[in-house]
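Comments concern the structure below.
Laboratory data are not the source of any read-out in this text; all were calculated from the coordinates shown. This structure is a prediction, so every number in the text was calculated from the model and none was measured. Here the Cβ positions follow ideal geometry from the backbone for every residue, glycine too, while neighbour counts run over all protein chains shown.
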Amino acid sequence: MIHLDFSFAQWLLLALCALFIGMSKVGVPGISMVVVPVLAFIFGGKASTGVLLPILMMADLFGVGYYHRHAEWKFLWKLLPWAFIGVGIALWVGEVVNDEWFKNIIAILVFSSIGLMLWKEHRKTNNLFPDTWWFAALMGILGGFATMIGNVAGPVFAIYLLAMRLPKNSFIGTGAWFFLIINFSKFPLHIFIWKTINWSTLTLNIIVFPAIALGAFLGVVLVKRISDKIYRTAVFVVTALSALLLLI
């Protein structure tokens, strides 16, 4: 059970996390990676996933609402069955490891995701992988595992869509639908199996909803005005430092 007697600094961090999630769902890339280690540091590894999931679900609605017409469903149908297998594997892992190992797994996934993001940034071509069933299977299982364990499947899914050479709006719209479907599917698993979502966590989620909405609005307005190079560098550095806290 999570108590809501947080300090001002903790409330500020929670509001910023919700703001960043809202921004990420309407096209601001990478910023949500900062949120995962911060929440794990505040609540603990496993508990933080239950706090974060409803925030992601609410933000997914903004993303789908804005970009729903741009989704490429043929790529979603290839990926989703494998992603559910990854979710199932992660569900079992989460039941057999303690919270310290859970935080370590999240940290490893975050660092791996940062590595994927950096590698993707330095590739000079979009023709990274073949459009084959095994690549969709691999990315789907990895993404499903990462999203269930730590809600950090964004970079994995981005690598897959990049390989499919989707234009910007299709990239965002396909991702928005993918995560809405996966996150809403995870919701009952967190309630009934992991027991990381309850009335107190949902109350917290409702309290930070205005920050999610503000983040979605700012993301739409500001995404084209942000210096991409400076922004991405800051995200990588802050995320890496935040993940490092989980290993201390």
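Here the label points at residue 200 and residue 92, each 7 Å from Cα along the C-beta direction, are separated by 3.2 nm in the simple model. Checked against a 31 Å cut-off, the cross-linked pairs 74/195; 25/46; 168/195; 74/186; 25/74; 25/195 give Cα-Cα distances beyond that limit for 74/195; 168/195. So, R0 is 41 Å and r is the distance between the beta-carbons of residue 76 and residue 7; what FRET efficiency does that work out to, to 0.05? Calculated transfer efficiency: 0.50.
At the listed q of 0.16, 0.17, 0.26, 0.28 Å⁻¹, the Debye profile of the stretch 157-199, built from one uniform point per Cα, gives log10 I(q)/I(0) equal to -0.54, -0.57, -0.82, -0.89. Within the shell of other residues whose beta carbon sits under 12 angstrom from the beta carbon of residue 78, the net charge comes to -1, with Lys and Arg scored +1 and Asp and Glu -1. Note on residue 16 and residue 104: their simple-model spin labels are 2.9 nm apart, each label 7 Å out from Cα toward Cβ.
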